[in-house]
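The values are calculated or read from the model by the stated rules, or taken from the named source; none is laboratory data. On a predicted model such as this, the values are computed, not experimentally measured, just so you know. A quick note on method: Cβ atoms are made from the backbone with ideal geometry, for glycine too, and the neighbour counts reach across all protein chains shown. Areas reflect the complete protein model, heavy atoms only, side chains present, ligands, DNA and RNA absent. Shrake-Rupley method; radii C 1.70, N 1.55, O 1.52, S 1.80 Å.
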Amino acid sequence: MKIALASDHAGFELKDFIGSYLSQNHFEILDLGTSNCDSVDYPTFADKMTHCILNHQADLGILVCGTGIGISIRANRYKGIRAALLYSDDVAKMAKQHNNANVIVFGGRTMDKYDVLRRIDIFLNTRFEGGRHQNRIDMLDL
Ligand code: RB5
């Protein structure tokens, strides 16, 4: 499974922490930046991620900004992107079961890094339920 990562400066440290964890667990990683703590604009990195996912260059995207909010808003403006901000363990499970999120999002300034790793594991180990949830997903794009 190939996982793409992207963040702004406020998410840079958490993005790297996530990348190391996933590499150690034998996932293939595609790092779309940013590559340091210099100030950048989060929509740029949401755009890089959405292009990557919509062009099938990765199976899942992980985005990080300060709160996870701005980068989620931008990513969700693209048809076919279902970006979910995983603010709890229950939400991590539901984001796969019900929403089949193709991008998961975290807040580098608002979340504990070990909570984030646990939520990634929960998401990866949960299955999409399909059925009525697929019907609703089919209704999402305008
Ligand atoms: C950057 O300062 C910050 O605004 C950004 O990372 C994010 O939290 C926006 O939603």
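Remarks
- Report note on the peptides 35-42, 126-133: ranked by the mean count of other C-beta atoms within 10 Å, highest first, their order is 35-42, 126-133.
- Relative packing of 97-103, 109-115, 61-67, which averages over residues the other C-beta atoms within 10 Å, highest first: 61-67, 97-103, 109-115
- The modelled label-to-label distance for the pair Ser39/Gln57, using points 7 Å beyond Cα in the direction of Cβ, is 2.8 nm.
- Per-pair calculated FRET efficiency, R0 = 35 Å: Phe17 and Asn100 via Cβ, rounded to 0.05: 0.85
- Counted residue by residue at 0.36 nm each, then reduced by the alpha carbon distance between them, the extension gain from Thr110 to Ile73 reaches 11.6 nm.
- Expressed as a whole percent, the accessible surface of the chain that belongs to carbon and sulfur atoms is 47, based on a 1.4 Å probe.
- When the convex hull of its Cα atoms is viewed from all sides, the chain shows a mean projected area of 7.6 nm².
- Residues of the chain: accessible area per residue with a 1.4 Å probe, Å²: 53
- Scanning residues 5 or more positions from Ile62 or on other chains, those with amide H under 5 Å from its amide H are Ala4, Leu5, Ala6, Ile104, with H placed 1.01 Å from N in the peptide plane.
- When shorter helices are ignored and each DSSP H run of at least 4 residues is given -39500 (n - 2.57), the per-residue value for the chain at 222 nm works out to -12500 deg cm²/dmol.
- Net charge of the neighbourhood of Thr50, taken over other residues with C-beta under 14 Å away and scored Lys/Arg +1, Asp/Glu -1, is +3.
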